[in-house]
Structures are given as C-alpha cells and as structure tokens.
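Colleague: I am attaching a structure below and will ask some questions about it afterwards.
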Amino acid sequence: MRFSVVIPAHNEEDSIARVVGSLVQTLTAEEIDHEVIVVNDNSLDQTEARLQDLQRLYPTLRPINNEPPNGFGLAIRKGLEHFTGDAVAIVMGDGSDSPEDVVKCFRQLQEDGDKQCVFGSRFIKGGRLINYPPHKLLLNRLGNRLIGMLFGLNYNDVTNGFKVYRREVIAACQPLISKHFNINIELPLKAIARGYKYSVVPISYIDRSAGISKFKIKEISIPYLLTIVYIYLERYFSMSPQRGTGP
C-alpha cells in the first residue's frame, strides 16, 4: 500500500524542516512506500525556500504551491487533488502530530481490512495532550460533545485534523467545500455520513514550539457550525444508500 501524507503550511519557516525531516526519516525507517506533499499556502516568509532545500535532501517530498487566497482547508483540498497513494493522512505543519502516530495509524489501516478510515483521538486511554491551551480545550470538548450527540457517535475527537483515509473515501467525499479549519470536521463527518467504517487509535498532541498559530476561534466558529448543519442535513435527508457506519 502506497501512503501519502498531506501537510498544509502557511508561514512555517521555523518548523517545516523539522516536521518534514522527522516524518520522512520515520516512514523510511519503517520501509513504508510514501510521498509527503507539503502545500505551501501562500506563505510570506521563507517556507517555500525551505521546501526547495528539503526536496534536495528528501526525494519523497513533493512541495506544491497553493493559489491565492490562502486558507487551511483550501491548502488541504489542493493536496488531496494531487496525492497518488492508496491512502492519505492529513498532518499539521506545526509539529503537533507525532511521526510515530502517523506510522501507527497507517499500520492500523493495513491491519483493518474492513475499515476505510483511521481516526486519531487525544481523549482516550493512551492519548496525550502537551501544552494544549485551556480555552481551546474547553471549546474542543463542548464542540465534540455536540457533534457526538447530533451524529450518534462514540468517537470523541472529530475536530482533530489528524486522520487517515483510503483513496476511495476521499473520492466519495467530493466536492469538499471548506476553506478553513472546518475541513477537519467536513472530511470525517462526510465519510461517516456516507457509511465508511473507521478505527480509533490514541494519539498525542504537542502544541507548537515555533511560529504563530493560524487557528482563530472567532473566525472559525460560524464555518464550523454551518458545516455541522450541512452534513447533518445531508446524512438524514439524503436518499443515497447507507453502507453501515461506526468503528
């Protein structure tokens, strides 16, 4: 199974070398056939130059430039248009996701032949949070509780962006419409609404040690709510056949 990793990067000159280097080295050491697609999301710093230098070091790195306007969701959508693997992971460019967790989720997908997705959770046994801002944690738990109630899920970390999907799931979730961080819930909720099965594995989260977070609560609250309503209505009023959901 060929594995693709999509990383959106906007002004990540201080972290992208560490993120790409550790990820490529880990995947190579595990002998996983892979590509790492970093989408430079209209960065105003030296992110693009860093990626060009890294490409000479790591042949499996594929830098792509996103066209204006920039946006987290737009960058991920760009990466998902270009990946060539049988499965794809969404990984953050700030170093918050562990390369070991990326491998763990990929192995889980390989082992679970009847599952099409692997979702990470920071809030089950074995999950870890390091330096997670308290205000974000409160909103995270409230938001995930709401999503769980609406969709009848026992998965408690839908808003987490780190997830792995088989190629057919990405195709079935098109068209993607999110421009910002709401893509973190559009993708998994669409996959669930379309009946794809998933496994849940514990993962860790380490808050960024360099650069500035692009996550702005005031800016993403309404898009998150609209995305939830949109997929809720799609799931319960669509006439398309259901394939059976859940872990």
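Colleague: Anything in segment 130-152 that is over 22 Å from Leu225 (Cα atoms) and surrounded by 14 or more Cβ atoms within 10 Å (Cβ to Cβ)? List them, or say none.
Modeller: Taking segment 130-152 and keeping what is over 22 Å from Leu225 (Cα atoms), we get 130-132.
Tyr132, the sole residue that qualifies.
Colleague: Let me ask you something else. Given the condition buried (at least 21 other Cβ atoms within 10 Å of the Cβ), charged (D, E, K, R) and free of Cβ contacts under 8 Å to residues at least 60 places away in the same chain, answer yes or no: does some residue in segment 49-62 qualify?
Modeller: Looking for residues that are buried (at least 21 other Cβ atoms within 10 Å of the Cβ), charged (D, E, K, R) and free of Cβ contacts under 8 Å to residues at least 60 places away in the same chain, one finds at least one in segment 49-62, hence yes.
Colleague: If I filter segment 68-96 down to residues being charged (D, E, K, R) and at pLDDT 95 or above, which single residue comes out as farthest from Ile185 (Cα to Cα)? Steps first, answer last, please.
Modeller: The initial filter retains those residues of segment 68-96 that are charged (D, E, K, R), namely 77-78, 81, 86, 94.
Still in the running and at pLDDT 95 or above: 77-78, 81, 86.
Numbers: Arg77: 13, Lys78: 17, Glu81: 18, Asp86: 22 Å.
The extreme case among them is Asp86.
Residue by residue, here is whether (1) at pLDDT below 95; (2) of a type in the set (Phe, Trp, Tyr); (3) more than 21 Å from Gly73 (Cα to Cα) holds:
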{"position": "Leu129", "(1), (2), (3)": "yes, no, yes"}
{"position": "Pro134", "(1), (2), (3)": "yes, no, yes"}
{"position": "Leu153", "(1), (2), (3)": "yes, no, yes"}
{"position": "Glu186", "(1), (2), (3)": "no, no, no"}
{"position": "Ile192", "(1), (2), (3)": "yes, no, no"}
{"position": "Lys197", "(1), (2), (3)": "no, no, yes"}
{"position": "Asp207", "(1), (2), (3)": "yes, no, no"}
{"position": "Ile231", "(1), (2), (3)": "yes, no, no"}
{"position": "Gln242", "(1), (2), (3)": "yes, no, yes"}
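Colleague: While we're on this one: Being part of a helix (DSSP H, G or I), in contact with a strand residue (DSSP E or B) (Cβ under 7 Å, 6 or more places away or on another chain) and within 28 Å of Tyr224 (Cα to Cα), is that true of even one residue in segment 23-39?
Modeller: The initial filter retains those residues of segment 23-39 that are part of a helix (DSSP H, G or I), namely 23-29.
Then drop every residue that is not in contact with a strand residue (DSSP E or B) (Cβ under 7 Å, 6 or more places away or on another chain), which leaves 23-24, 27.
The next check asks that each one be within 28 Å of Tyr224 (Cα to Cα); those that pass are none.
Checked segment 23-39: no residue is part of a helix (DSSP H, G or I), in contact with a strand residue (DSSP E or B) (Cβ under 7 Å, 6 or more places away or on another chain) and within 28 Å of Tyr224 (Cα to Cα).
Colleague: Is there any pair linking a residue in segment 76-90 that is without any contact (Cβ under 8 Å) to a residue 60 or more places away in the chain to one that is in a loop (DSSP other than H, G, I, E, B), with Cβ under 7 Å and at least six apart or on different chains, and which?
Modeller: So the pair list comes out as Lys78/Asn66.
Colleague: Test Leu109 against the criterion of being under 22 Å from Ala87 (Cβ atoms), out of contact with any Phe, Trp or Tyr (no Cβ under 7 Å at 6 or more places or on another chain), part of a loop (DSSP other than H, G, I, E, B) and touching a residue at least 60 places away in the same chain (Cβ under 8 Å), and give yes or no.
Modeller: Working: under 22 Å from Ala87 (Cβ atoms): yes; out of contact with any Phe, Trp or Tyr (no Cβ under 7 Å at 6 or more places or on another chain): yes; part of a loop (DSSP other than H, G, I, E, B): no; touching a residue at least 60 places away in the same chain (Cβ under 8 Å): yes.
In short, no.
Colleague: If you don't mind, there's one more thing I want to ask. Among (1) modelled with pLDDT under 95; (2) farther than 22 Å from Leu23 by Cα; (3) not charged (D, E, K, R), where does Gln116 come up short?
Modeller: Condition (1) is where Gln116 drops out.
Colleague: Of the conditions (1) at pLDDT 95 or above; (2) surrounded by 18 or more Cβ atoms within 10 Å (Cβ to Cβ), Pro202 clears all except one; give me its number.
Modeller: (2)
Colleague: Please determine whether any residue of segment 18-28 is farther than 17 Å from Ser98 by Cβ and either of a type in the set (A, V, I, L, M, F, W, C) or surrounded by fewer than 23 Cβ atoms within 10 Å (Cβ to Cβ) (or both). Let's see the steps before the verdict.
Modeller: Just the residues of segment 18-28 that are farther than 17 Å from Ser98 by Cβ, to begin with: none.
Within segment 18-28 (the criterion being farther than 17 Å from Ser98 by Cβ and either of a type in the set (A, V, I, L, M, F, W, C) or surrounded by fewer than 23 Cβ atoms within 10 Å (Cβ to Cβ) (or both)), the answer is no, since none of the residues qualifies.
The values are calculated or read from the model by the stated rules, or taken from the named source; none is laboratory data. This one's a predicted model, so the numbers in the text were calculated from it and none came from an experiment. Backbone-built Cβ (ideal geometry, glycine too); neighbour counts: all protein chains shown.
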